[in-house]
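Engineer: One structure is given below, represented as structure tokens, and several questions about it will come after.
The values are calculated or read from the model by the stated rules, or taken from the named source; none is laboratory data. Just so you know, these numbers come straight off a predicted model, no measurement behind them. Virtual Cβ from ideal backbone geometry, glycine too; neighbours counted across all protein chains shown. In case anyone asks, the SASA skips ligands and DNA or RNA and just uses the protein heavy atoms, side chains included. Shrake-Rupley method; radii C 1.70, N 1.55, O 1.52, S 1.80 Å.
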Amino acid sequence: MMLLDRLIPVLQVAIGPVILISGVGLLLLSMTNRLGRTIDRSRILVELRRNGSADERQRSDLQLQVLWKRAHLLRLAIILGSASVLFACLLIILLFVAALMHWEIAVLIIVLFTGCMAAVIGSMVYFIRDINLSLHALATELEIPQ
């Protein structure tokens with residue numbers, strides 16, 4: 001049976017991953033909103049492409065190519081962000097089970113935490129690439145020299 005004085009430090013250690021889950025959750029919300037807007041804009045352009053003139057079709061095709069790339073970047077960012085949350089959840093469970101069972105599994109905890117951080121970093125890299133691509137597309141649309 002675990003005593004309260006041994007449980008409190010475990011709870012304190014588990015707070016870090018819980019805060020990470022909350023922060024990544026907010027980032028995922030932003031990413032899924034961007035993905036939704038990208039998909040909505042793509043649907044509008046597809047309809048414009050079907051019913052538009054040759055010039056409108058050409059412009060729509062160029063915009064659709066950029067939106068397709070953005071959707072893929074956002075999908076990767078969301079997958080990595082979700083993987084980070086999964087690793088953090090596993091880390092919390094493992095911390096509690098290890099404390100209850102008196103397991104010495106520091107290496108596994110280090111691997112999970114490192115995987116969690118690597119997934120957050122990867123997610124942010126793809127998210128930044130999406131933002132840069134969207135700004136590049138806007139500059140091209142507005143004919144601003146880059």
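Engineer: Of the conditions (1) under 30 Å from Pro9 (Cβ atoms); (2) under 16 Å from the mean Cα position of the chain (by Cα); (3) open to solvent by 70 Å² or more (accessible area, probe 1.4 Å), Gly115 fails just one. Which one is it?
Structural biologist: (3)
Engineer: Could I ask something else about it? Please count how many residues of segment 12-29 are surrounded by 14 or more Cβ atoms within 10 Å (Cβ to Cβ) and more than 14 Å from Val85 (Cβ to Cβ).
Structural biologist: 2
Engineer: Can you tell me which of Leu67, Leu95, Leu91, Leu73 is modelled with pLDDT of 95 or more, closer than 27 Å to Ile21 by Cα and out of contact with any His (no Cβ under 8 Å at 6 or more places or on another chain)?
Structural biologist: Exactly one residue qualifies, and that residue is Leu73.
Engineer: Also, quick follow-up: With respect to Ile105, determine if the residue is loosely packed, with under 12 Cβ neighbours inside 10 Å and modelled with pLDDT under 95.
Structural biologist: Judged against the criteria, Ile105 is not a match.
Engineer: Okay, next question. Out of segment 30-63, which residues are open to solvent by less than 50 Å² (accessible area, probe 1.4 Å) and outside any helix (DSSP H, G or I)?
Structural biologist: Gly52
Engineer: Of the numbered conditions (1) without any contact (Cβ under 8 Å) to a residue 60 or more places away in the chain; (2) part of a helix (DSSP H, G or I), Phe96 fails exactly one; give the number of that condition.
Structural biologist: Unmet for Phe96, out of (1) without any contact (Cβ under 8 Å) to a residue 60 or more places away in the chain; (2) part of a helix (DSSP H, G or I): (1).
Engineer: Here is a follow-up. If Val85 satisfies every condition in (1) open to solvent by 60 Å² or more (accessible area, probe 1.4 Å); (2) out of contact with any Phe, Trp or Tyr (no Cβ under 6 Å at 6 or more places or on another chain); (3) within 27 Å of Leu29 (Cα to Cα) but one, which is the exception?
Structural biologist: Going through (1) open to solvent by 60 Å² or more (accessible area, probe 1.4 Å); (2) out of contact with any Phe, Trp or Tyr (no Cβ under 6 Å at 6 or more places or on another chain); (3) within 27 Å of Leu29 (Cα to Cα) one by one, Val85 breaks only (1).
Engineer: Gln146: in contact with a helix residue (DSSP H, G or I) (Cβ under 6 Å, 6 or more places away or on another chain), open to solvent by 100 Å² or more (accessible area, probe 1.4 Å) and without any contact (Cβ under 8 Å) to a residue 60 or more places away in the chain, yes or no?
Structural biologist: Yes.
Engineer: Another question, then. Of the conditions (1) surrounded by 14 or more Cβ atoms within 10 Å (Cβ to Cβ); (2) modelled with pLDDT of 95 or more, Ile128 clears all except one; give me its number.
Structural biologist: Evaluating Ile128 over (1) surrounded by 14 or more Cβ atoms within 10 Å (Cβ to Cβ); (2) modelled with pLDDT of 95 or more leaves (1) as the failure.
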